1. Say a paramagnetic label sat at a point 7 Å from the Cα of B:Asp67, along Cα to Cβ; which residues of the stretch B:29-58 have their backbone N under 16 Å from it?
2. Scattering from the C-alpha atoms of chain B alone, worked out with Debye: what is log10 I(q)/I(0) at q = 0.12, 0.18 1/Å?
3. Just to confirm a number: summing +1 for Lys and Arg and -1 for Asp and Glu over residues other than A:Phe90 whose beta-carbon lies under 13 angstrom from that of A:Phe90, what do you get?
4. Compute the FRET efficiency between A:Arg110 and B:Asn57 as 1/(1 + (r/R0)^6), taking r as their Cβ-Cβ distance and R0 = 45 Å, and round to the nearest 0.05.
5. Quick check on the stretch A:1-96: what does the Kirkwood estimate of hydrodynamic radius come out to from the alpha carbon pairs, in Å?
6. So which of A:Lys9/B:Lys3; A:Lys9/A:Lys57; A:Lys71/B:Lys54; A:Lys70/B:Lys54; A:Lys14/A:Lys57; A:Lys70/B:Lys69 end up more than 30 Å apart, counting from Cα to Cα?
7. Output the direction-averaged projected area (hull surface divided by four) of the convex hull of the alpha-carbon atoms of the protein assembly as shown, in nm².
8. What average count of beta carbons from other chains do you get within 10 Å of the Cβ of residues in B:36-47?
Amino acid sequence: NAGVTQTPKFRVLKTGQSMTLLCAQDMNHEYMYWYRQDPGMGLRLIHYSVGEGTTAKGEVPDGYNVSRLKKQNFLLGLESAAPSQTSVYFCASRAGASGANVLTFGAGSRLTVL
Amino acid sequence: LAKTTQPISMDSYEGQEVNITCSHNNIATNDYITWYQQFPSQGPRFIIQGYKTKVTNEVASLFIPADRKSSTLSLPRVSLSDTAVYYCLVGSPGYSSASKIIFGSGTRLSIRP
């Protein structure tokens, strides 16, 4: 049981390049979330999903897109990376409304945009 | 969602008991209080959750007064490895609350020898 797995763990991009971060969970969780964390700061919610095929905006959605084509996967895309998107990205999942109100986090993906 | 307020930072020494208080004046009837711990370069991890009175597990205790407008995370006999950021969240298991789970800045706990 791996929990929440994020790939890649590290990535360096040049300004204007695009990339996709993958989050996979094997706990059959309904809800999934993408956060970013800048140095010395708390987590900020980018996008979230409450089920397969659904996505919604969080606190800081600009510059990002997401997709949830399969229940176990939640993809975060950057179409045209900017230095301001240099951050550590965390994915999390939790059971549905009837489950425990507890998030399980991945190990993070560290992104640097030059 | 209920807004939470907690101290930005705290310092303590090994072997001491540490209490971190979180204020959540607008907590709703169905809301639970959940605490997470985050070590440097790692994702947050769940440590304890409660609804009222007191909850204890192998890591910490959570004290919740009758009015539930605040809660206190208690870490007994801390060690250097307890140095981390601690986040307090309030929300219900229901759909409307689970749709957006917002973390604040947390409390940065530093333990000294």
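1. Counting backbone N atoms under 16 Å from the label point, the list is B:29, B:53.
2. -0.39, -0.87
3. Taking every other residue near A:Phe90 into account, the sum is +4.
4. That pair, A:Arg110 with B:Asn57, gives E of 0.90.
5. 13.5 Å
6. Violating the 30 Å limit, Cα to Cα: A:Lys9/B:Lys3; A:Lys71/B:Lys54; A:Lys70/B:Lys54; A:Lys70/B:Lys69.
7. Result: 12.3 nm².
8. Mean number of neighbouring Cβ atoms from other chains: 5.
The values are calculated or read from the model by the stated rules, or taken from the named source; none is laboratory data. Values in this document were obtained by computation on a predicted structure and should not be read as measured data. For neighbour counting, all protein chains shown are included, and Cβ atoms are generated from backbone atoms with ideal geometry for every residue, glycine included. These area figures cover heavy atoms from the full protein model, side chains too; ligands, DNA and RNA do not enter into them. Shrake-Rupley method; radii C 1.70, N 1.55, O 1.52, S 1.80 Å.
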